[in-house]
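Notes follow the structure.
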Amino acid sequence: MLEVTGLRGGYRENVLVFEDISFALDGGAVGFIGRNGAGKTCLAQTLSGALRAGGGAITLDGVDVTAGSSRGRVRSGISLVPEGRLVFGQLTVRENLVVAAHAAGRSSSGIGALEEQFPILGQKRGRPAASLSGGEQQLLAIARALVQEPKVVVLDEPSLGLSPVAVDALTATLRSVVVDSGLSMVLMEQNGELLSGLCDQVLLVEQGRVVRSLDMHDEADENTLYESYLGV
Amino acid sequence: MELFETSVILGVTIGLVYALAGAGLVVIYRTSGYASFTQGDIAAVSLYVGLFAYQSGLPYPVMALLVVAVGALLGGLIGGLIVVPLERYGPLTAALATIGVGLAIQGTENIVLNPDPVAFPSAGDGPALTLGPVTLSVADLVQAAVCIALFVVLGLVFRFSRTGIAMRAANDNPVAAGHVGLSGRRLKVVSWVIAGGLAGITGLFVAPLYSLSPSSVNAILVFGFATVVLGGFESITGALVAGVLIGVASNLVAAYLDPQLVTFGVYALVLCVLLFRPFGLLGRRPLVRV
């Protein structure tokens, strides 16, 4: 179970980007929606250990992981799918997965199952990752996180730059991952459709603060999400 | 014909050493994205330690292992404590730091040691194998065998081992490497350890030819750089091909034209290849999706 309490942080110690972020997640997905500059990427990177938290606590299954680095966070079970995918372009698809498993201290035995789950990655396992389409690279970035056998996956703007058709496919893929694997997922997004298709709860972020919690099973809240998404 | 055969066979032998010098540069470039100018100085320190040990009665094979170990240790220390931490100021700063470290080492050697060239022992001067008109010595044969074996090992490590793939990943996208949990710093230090060991081995083959002084082993760095420019800065196989090519071409130029034209000939060859293959013979143009 992931518990985040009063988390605050920024890109530098004296420049606060977000504050007082609290949520708990035990399976399923929670989403954060907000405009550019709301602090979503900074929050994602603080959750993944790439940025140091300025205060608050992150606990995973009761263990405080707030002070850990990316390496420590990955090994304790939190993996990041970064904004812009950031696959290793010169490495093959398979090498991308091997290196991620290695970084998490896991064996490469899970790669076969992932290639079955994402057949396109299996078909293109020997190709350089840079030669994949945007949607395929996003799948690879997700698979790269999953091969680390995480308890929590943090996804930063996974729909960025994808066509509506690719976003639909991505939503279905992520939904199957959440349902099948039972892991927890934290999404930073501006795409309301993807969030409503995946999350039970979406937190509306403005200027680094959660201003509203939206229940995706509530029609009024879902409408609020779309209003926020469309900026109306 | 005899002159041609001799030039080619001896060219391949020395070319393998050039290739090894280039491989040390490739290893660091692949993880850090810049060249190290301190390889020759790491080799010199290792060789001085080895020479003292040899003169104190240590057998040649043990001395050779000591040279490699000192090279690896020194490479790790220079990389881990000085150069890699300076990367936060950019690759140019780190590359310049390698020049500074090299000059500091040479300066220290000139103060602490007698800088006059001294003879360095080889693996053996006795005849070991006759190939046509050329009789290769034990040292030539050991040199060729060790170089070939090292290239096979390096190729396999970078291609298939998890650490080797991780080192390539850290060079490909350092930010992504951090996000997936790779310790870029640790991988870079590992590359410095490997490159330091390679510098020591290269020095063992070069010092008997050039003798040992604080700057004599740096002569190999010139050919090492020519090798990686020609073969491609990121390609171990390219270093092997280019090293042998340069070794053979140098010998042919010396035999048929003028020994003084060797350096000119090497750089002319490099220039010609780069005109048609700007990333080197086996280097690849970076693949970027736009």
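Computed quantities for the displayed model
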quantity: Sequence of A:Met1, A:Met188, B:Met1 when ordered by accessible area, the most exposed leading, probe 1.4 angstrom; calculated: B:Met1, A:Met1, A:Met188
quantity: Surface per residue (accessible, 1.4 Å probe) for the range A:89-204, Å²; calculated: 34 Å²
quantity: Percentage, to the nearest whole number, of Cα pairs in chain B over 28 Å apart; calculated: 37 percent
quantity: Per-residue mean of C-beta atoms belonging to partner chains within 10 Å, peptide B:97-103; calculated: 0
quantity: Nonlocal amide H pairs with A:Phe32, under 5 Å, H built at 1.01 Å; calculated: A:Leu187, A:Met188, A:Glu189, A:Leu203
quantity: Whether the range B:1-86 is rounded, prolate or oblate, judged on the alpha carbon gyration tensor where a/c under 1.5 counts as rounded; calculated: oblate
quantity: Per-residue [θ]222 nm for chain A (sum of -39500 (n - 2.57) over DSSP H runs n ≥ 4, rounded to 500); calculated: -11000 deg cm²/dmol
quantity: Restricting the range A:13-97 to trypsin sites (Lys or Arg not before Pro) in coil, as DSSP defines it, with at most 16 other Cβ within 10 Å; calculated: A:Arg35, A:Arg52
quantity: Where A:Asp200, B:Asp172 fall by accessible area, highest first, once all protein chains stay in place (1.4 Å); calculated: A:Asp200, B:Asp172
quantity: Student exercise, the range B:2-276 dipole from Lys, Arg, Asp, Glu Cβ charges, in Debye to nearest 20; calculated: 1060 debye
quantity: Rounded to whole Å, sorted largest first: equivalent-ellipsoid semi-axes of the protein assembly as shown, Cα gyration tensor; calculated: 55, 24, 19
quantity: Per-residue HN-Hα couplings for the range A:58-75 [Karplus 6.51, -1.76, 1.60; θ = phi - 60°; Hz; x = Gly/Pro]; calculated: 10, 10, 10, 6, x, 9, 6, 10, 4, 7, x, 7, 4, 4, x, 5, 4, 5
quantity: Prolate/oblate/rounded call for the range B:196-290, Cα gyration tensor, a/c under 1.5 rounded; calculated: oblate
quantity: MRE, 222 nm, helices only [DSSP H, n ≥ 4, -39500 (n - 2.57), over chain B, to nearest 500]; calculated: -24000 deg cm²/dmol
quantity: Residue mean of other protein chain beta carbons inside 10 Å, A:75-87; calculated: 3
quantity: Shielding by other protein chains, A:126-135, mean Cβ within 10 Å; calculated: 2
quantity: For B:Val190, solvent-accessible area (1.4 Å; no DNA, RNA or ligand), Å²; calculated: 40 Å²
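The values are calculated or read from the model by the stated rules, or taken from the named source; none is laboratory data. Please read all numbers here as calculations on a predicted model, not as lab measurements. Ideal geometry is used to build each Cβ from the backbone, glycine not excepted, and the neighbour counts take in all protein chains shown. The accessibility values were calculated without ligands, DNA or RNA, using every heavy atom of the protein model including side chains. Shrake-Rupley method; radii C 1.70, N 1.55, O 1.52, S 1.80 Å.
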